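Read through the structure below, which is laid out as structure tokens, and then see the notes.
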Amino acid sequence: MSDATKTPLLDRVQSPSDLKRMSDAELSRLADELRAETIAAVSKTGGHLGAGLGVVELTVALHAVFDAPRDKIIWDVSHQSYPHKILTGRRHRMNTLRQKDGLSGFTKRSESPYDPFGAAHSSTSISAALGFAVARDLGGACETGHGDAIAVIGDGAMSAGMAFEAMNNAGHLKKRLIVILNDNEMSIAPPVGALSSYLSKLYAEAPFQELKAAAKGAVSLLPGPFQEGAKRARDMLKGLAIGGTLFEELGFSYVGPIDGHDMDQLLPILRTVKERATGPILIHALTTKGKGYGPAEGARDGGHATAKFNVVTGEQQKAKPNAPSYTSVFGDALVRHAGEDDRICAVTAAMPDGTGLKKLEARYPSRCFDVGIAEQHAVTFSAALAAGGMRPFCAIYSTFLQRGYDQVVHDVAIQRLPVRFAIDRAGLVGADGATHAGSYDIAFLSNLPGFTVMAAADEAELVHMVATAAAHDEGPIAFRYPRGEGVGIELPERGEVLEIGKGRIITEGQGVAILSYGTRLAEVRRAAEALRARGITPTIADARFAKPLDRDLVLDLAARHEALITIEEGAVGGFGSHVAQLLANEGVFDAGLKFRAMVLPDIFIDQASPEDMYRVAGLGAEDIEAMALRLLDVAKISDKRA
């Protein structure tokens with residue numbers, strides 16, 4: 001917090017109960033202070049800024065009206081939860097946000113009783129809120145007690161199928177449940193103008209069964225000159241009315257749209273809902289992402305994710321990259337292939353920037369599809385594109401591909417359709433923590449019949465794998481690569497189509513062989529240097545493929561070495577498990593081979609830098625060196641590298 005910024009009201013808040021002693025005017029001023037505090041905090045740590053700034057007033061109003069933690073406030077995705085964290089006793093720890101041993105960038109049950117349900121993926125909040133509402137009515141035991149269940153969900157998250165599945169069930173069960181649609185995409189003026197304010201006051205003053213009648217009669221109560229304008233505004237709102245009708249058909253009472261930044265609307269409506277709601281109700285609040293901070297409001301993504309930044313200028317303190325990012329390398333390679341083959345197209349689920357597809361969209365817009373937060377649809381859509389004769393690349397983060405796994409199995413693998421899966425953010429990703437780690441795709445794809453599964457060891461290998469996938473029509477194929485910049489090697493002018501299921505020897509040695517899958521190869525090289533200083537020269541190999549395995553390479557390494565180590569940036573059940581099964585089936589262990597698979601440990605690793613996370617995982621160069629020494633029964637001599 002800047003010394004120049006005064007926060008007298010916020011300084012009085014130790015817990016949300018303190019808000020109940022403030023007047024409405026003070027709550028409005030508190031929102032201003034909370035916005036300034038959020039900006040100052042994120043400027044020092046980096047993080048998701050725009051989403052939180054868009055719900056500052058809503059956060060204050062919710063905590064002023066409801067009784068958390070007895071009332072369960074559930075933030076969908078929860079990247080907008082920083083203001084909530086500040087008001088719920090975590091203000092003094094905001095300087096640790098998204099850092100090792102610090103506050104999570106998302107809600108987390110183990111962090112605070114005010115976080116009743118953890119989230120970092122979208123569209124789960126309504127299901128969770130309904131679960132709390134049913135548990136309440138069934139007499140479930142909860143340490144903080146049971147009150148209202150409130151889901152705050154964004155318009156993007158509301159577009160996902162899971163949100164509507166939950167609403168359909170909630171409407172059927174008719175439980176008292178409050179859903180707040182935080183709509184930060186719509187920019188139509190009338191909903192946040194005088195007419196909307198007038199209708200909102202009627203909503204707050206009338207019993208719910210009279211809301212529709214009050215709204216219909218509102219136009220006739222306006223002065224004559226305003227009635228024609230009001231009629232036009234009502235026509236402009238037809239789309240919203242249809243939305244309201246849809247929610248009502250699902251069994252929800254619909255209130256809105258209201259100005260989500262106007263405390264004079266938020267407070268009376270929330271108070272009325274708290275007092276009178278009997279069944280499920282949806283409140284439609286219009287907000288602005290990045291509200292109140294010019295650089296965020298003006299950013300293309302509304303200040304979605306920022307590095308540390310200068311509060312005055314908004315300039316982010318990003319280090320200059322030493323090499324292009326894997327994401328940009330993929331995007332450039334795909335554009336080149338799309339220019340040569342008009343059958344190539346691409347699909348992503350609300351992440352065109354994050355997956356590098358913006359470049360393809362700019363060059364070939366008719367062949368690039370952003371389907372929204374709908375990974376299941378993205379996969380099946382891609383499958384049908386393949387069945388229809390196209391060559392689709394389905395670009396989805398590893399952690400989000402989990403959401404479409406049934407479709408990967410049922411719609412792609414069983415039908416042997418040549419969908420190309422470009423899996424970004426593979427491995428441990430840093431500040432977003434366990435919820436965004438790409439830990440499981442090697443295991444859950446490698447067990448599917450007919451799948452080809454690759455991992456790039458560096459950015460040049462990624463170029464080759466894009467070319468390989470583009471040329472592969474015999475079934476589904478996937479390639480994975482991490483977040484961040486490459487290792488800085490020269491990129492090939494054109495990608496080489498790799499022989500399916502064949503790895504490569506990097507350096508020949510003896511005694512111990514290290515078979516790497518993915519970008520741990522750089523750490524393997526470092527470990528090899530340390531081993532050579534001890535007089536041990538390991539063989540280093542890059543598997544390239546987890547499936548089909550390079551049987552010849554694996555068995556050759558096993559036959560020529562005393563020990564074999566595999567290493568991968570994935571969980572148990574992946575590449576190392578497939579190697580172990582091959583060795584067991586071939587009777588290699590009977591001949592005395594010493595084998596170890598180095599994988600991510602069987603724990604969820606909290607946020608830290610990627611380097612620290614891999615240190616926790618035991619997958620650094622020192623760990624690889626130590627494993628080789630143990631297998632070779634070489635005593636570790638600490639002073640050799642002193």
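For residue 319, the conditions (1) loosely packed, with under 14 Cβ neighbours inside 10 Å; (2) under 30 Å from residue 391 (Cβ atoms) all hold with the exception of (2).
So in the stretch 298-315, with the set limited to residues that are without any contact (Cβ under 8 Å) to a residue 40 or more places away in the chain and over 21 Å from the mean Cα position of the chain (by Cα), which one is surrounded by the most Cβ atoms within 10 Å (Cβ to Cβ)? Explain how you work it out, then say what you get.
Applying the first criterion (without any contact (Cβ under 8 Å) to a residue 40 or more places away in the chain) to the stretch 298-315 yields 298, 300, 312-315.
Next cut, over 21 Å from the mean Cα position of the chain (by Cα) only: 298, 312-315.
Details: 298: 11, 312: 9, 313: 9, 314: 18, 315: 12.
This residue is 314.
In the stretch 253-297, the qualifying residues are those that are under 29 Å from the mean Cα position of the chain (by Cα) and among the polar types (S, T, N, Q), and the one that is surrounded by the fewest Cβ atoms within 10 Å (Cβ to Cβ) is 288. Quick check on residue 250: is it buried (at least 18 other Cβ atoms within 10 Å of the Cβ), assigned by TED's automatic domain parsing to the domain that holds residue 83 and either of a type in the set (D, E, K, R) or modelled with pLDDT under 90 (or both)? Spelling it out, residue 250 is indeed buried (at least 18 other Cβ atoms within 10 Å of the Cβ), assigned by TED's automatic domain parsing to the domain that holds residue 83 and either of a type in the set (D, E, K, R) or modelled with pLDDT under 90 (or both).
Taken together, the residues in the stretch 603-625 that are hydrophobic (A, V, I, L, M, F, W, C) and within 20 Å of residue 45 (Cα to Cα) amount to 3. Filtered by the rule that a residue be outside any helix (DSSP H, G or I), within 24 Å of the chain's Cα centre (by Cα) and within 11 Å of residue 491 (Cβ to Cβ), the stretch 319-337 gives a lone residue, 324.
Number of residues in the stretch 452-486 that are surrounded by fewer than 24 Cβ atoms within 10 Å (Cβ to Cβ), out of contact with any helix residue (DSSP H, G or I) (no Cβ under 8 Å at 6 or more places or on another chain) and assigned to a helix (DSSP H, G or I) equals 4.
Across the stretch 312-332, what is the total count of residues that are of a type in the set (A, V, I, L, M) and farther than 17 Å from residue 483 by Cβ?
First pass over the stretch 312-332, keeping only residues of a type in the set (A, V, I, L, M): 312, 319, 323, 329.
Keeping just the survivors that are farther than 17 Å from residue 483 by Cβ gives 312.
Summing the residues that are of a type in the set (A, V, I, L, M) and farther than 17 Å from residue 483 by Cβ in the stretch 312-332 gives 1.
Would you say residue 428 is farther than 17 Å from residue 548 by Cβ, buried (at least 24 other Cβ atoms within 10 Å of the Cβ) and either under 20 Å from the mean Cα position of the chain (by Cα) or not assigned by TED's automatic domain parsing to the domain that holds residue 81 (or both)? So residue 428 passes the test. Condition test on residue 358, is it among the basic types (Lys, Arg) and either within 24 Å of residue 153 (Cα to Cα) or out of contact with any strand residue (DSSP E or B) (no Cβ under 9 Å at 6 or more places or on another chain) (or both)? No: the conditions fail for residue 358. The residues of the stretch 131-146 that are crowded, with 19+ Cβ neighbours inside 10 Å and in contact (Cβ under 8 Å) with a residue 60 or more places away in the chain amount to a single one, 132.
Out of curiosity, is residue 106 under 21 Å from the mean Cα position of the chain (by Cα), surrounded by 16 or more Cβ atoms within 10 Å (Cβ to Cβ), more than 23 Å from residue 10 (Cβ to Cβ) and aromatic (Phe, Trp, Tyr)?
Numbers: under 21 Å from the mean Cα position of the chain (by Cα): yes; surrounded by 16 or more Cβ atoms within 10 Å (Cβ to Cβ): yes; more than 23 Å from residue 10 (Cβ to Cβ): no; aromatic (Phe, Trp, Tyr): yes.
Judged against the criteria, residue 106 is not a match.
Every residue, every condition in (1) surrounded by 24 or more Cβ atoms within 10 Å (Cβ to Cβ); (2) touching a strand residue (DSSP E or B) at 6+ places or on another chain (Cβ under 8 Å), yes or no:
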{"site": "49", "(1), (2)": "yes, yes"}
{"site": "53", "(1), (2)": "yes, no"}
{"site": "60", "(1), (2)": "yes, no"}
{"site": "72", "(1), (2)": "yes, yes"}
{"site": "82", "(1), (2)": "yes, yes"}
{"site": "89", "(1), (2)": "no, no"}
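Scanning the stretch 387-408 for residues that are under 22 Å from the mean Cα position of the chain (by Cα), aliphatic (A, V, I, L, M) and surrounded by fewer than 22 Cβ atoms within 10 Å (Cβ to Cβ) yields a total of 0. Considering the conditions (1) closer than 30 Å to residue 97 by Cα; (2) free of Cβ contacts under 8 Å to residues at least 60 places away in the same chain, residue 359 is excluded by exactly one of them, (1).
The values are calculated or read from the model by the stated rules, or taken from the named source; none is laboratory data. Model, not experiment: these values are computed from the prediction. We place every Cβ from the backbone using ideal geometry, glycine too, and count neighbours over all the protein chains shown.
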